[in-house]
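One structure is given here, and the rest of the page talks about it.
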């Protein structure tokens, strides 16, 4: 069964909160532009980010309904897509950790089309001192690294009948830009930026080309 492709033109927060109960597999693509939105995890304490600094820099703040730290979203920052499956789908796994693996495998296959070799993480979630605040500072099941730095992040939201995997492939990674938005002392920002730079990386890929490659790599 192939994935039906759907595109949505709406705010980042509206897309995150969109209900999902399709009658078949779907690939959802939000229409991003150059406006930047800092998307907080569902249970992330808003006090971890400096809301005044975000406003000063024209960065909107939204909240998603999946866990983890903040993700900085714009068309320049990442390629974002969601994958929806039903509980009766052969891809479904009751084990929440294993449930991510087919997504990671598909992303790895798509990235190979661009000459990017990756490693898929399995097992328990790996945290750092910055991962409660910044999503790409930690590493979860199914997520991909290249040369030891995180490239693909995945989160999952489940209902009784469906699973929605939200996937971000980094196009650029700027540790200083993330450190600039955190609620920390100014003197700490340069070092935090350096530490974040070491944890993740982006690739130069056109969003439409990446989406096409993902669509080809998805299980049928």
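What spacing in nm lies between the two simple spin-label points modelled at residue 149 and residue 65, each 7 Å away from Cα in the Cβ direction?
Computed distance between label sites residue 149 and residue 65 equals 3.4 nm.
Can you tell me, using C-alpha contacts under 8 Å and at least 6 residues apart, the relative contact order of the range 4-217 as a whole percent?
The normalised contact order for the range 4-217 reaches 21 percent.
Based on Cα positions only, what radius of gyration and what Dmax would you give for the chain, in angstroms?
16.5, 53
Between rounded, prolate and oblate, where does the range 17-62 land on the alpha carbon gyration tensor, with a ≥ b ≥ c its root eigenvalues, rounded for a/c under 1.5, else prolate if a/b exceeds b/c? All intermediate terms of the calculation are to be shown ahead of the outcome.
Values: a/c = 4.72, a/b = 1.85, b/c = 2.55.
Oblate.
Report the residue, chosen from 204, 45, 94, that carries the largest GNM mean-square fluctuation when the chain is represented by alpha-carbon nodes joined by springs under 10 Å.
It is 94.
Roughly how many Å is it from the Cα centre of the range 143-158 to that of the range 202-220, as a whole number?
Centre-to-centre (Cα) distance: 15 Å.
In which sequence would 16, 185, 162, 125 go, from the one with the fewest C-beta neighbours within 10 Å to the one with the most? Numbers along the way, then the final one.
Numbers: 16 22, 185 8, 162 19, 125 14.
Placing the least packed residue first, the sequence is 185, 125, 162, 16.
On full extension of the chain, what length is gained from residue 160 through residue 191, given 0.36 nm per residue of separation minus the C-alpha to C-alpha distance?
Details: separation 31, 0.36 × 31 = 11.16 nm, distance 4.34 nm.
Gain in length upon complete extension: 6.8 nm.
Order by neighbour count: 1, 210, 120, fewest other Cβ atoms within 10 Å first, most last.
Details: 1 12, 210 22, 120 17.
Ranked by crowding around the Cβ, least crowded first: 1, 120, 210.
Let me have the relative contact order for the range 60-176, percent, based on Cα pairs under 8 Å that are six or more residues apart. Intermediate values should be presented prior to the final figure.
Numbers: 195 pairs, mean separation 40.5, N = 117.
Averaging sequence separation for qualifying contacts and normalising by length gives 35 percent for the range 60-176.
For the range 79-125, what class follows from the C-alpha gyration tensor (a ≥ b ≥ c being the square roots of its eigenvalues): rounded when a/c is under 1.5, otherwise prolate if a/b is larger than b/c, else oblate? Could the numbers behind the result be given before it?
Details: a/c = 2.43, a/b = 1.50, b/c = 1.63.
Because a/c hits 1.5 or more and a/b fails to exceed b/c, the range 79-125 counts as oblate.
Does the range 145-203 classify as rounded, prolate or oblate by the C-alpha gyration tensor (a ≥ b ≥ c root eigenvalues; a/c under 1.5 gives rounded; else a/b over b/c gives prolate, otherwise oblate)? Before the final figure, lay out the partial values.
On the way: a/c = 3.49, a/b = 1.78, b/c = 1.96.
In terms of gyration-tensor shape, oblate.
For every helix of n ≥ 4 consecutive DSSP H residues, a contribution of -39,500 (n - 2.57) applies; sum these over the chain, divide by its total residues, and give [θ] at 222 nm rounded to the nearest 500 deg cm²/dmol.
Value at 222 nm, helices only, nearest 500: -6000 deg cm²/dmol.
Can you list the residues of the range 203-220 with backbone N under 16 Å from a point 7 Å past the Cα of residue 114, pointing along Cα to Cβ?
So the set is 203-218.
Sorting 178, 119 on the 10 Å Cβ count, fewest up front, what's the list? Don't skip to the answer; put the middle values down first.
On the way: 178 27, 119 14.
With the fewest neighbours first, 178, 119 line up as 119, 178.
Read the figures in this text as sums done on the coordinates, not as results from a lab. Source: prediction; values computed, not measured. Every residue, glycine as well, gets a Cβ built from its backbone with ideal geometry; the counts of neighbours run over all protein chains shown.
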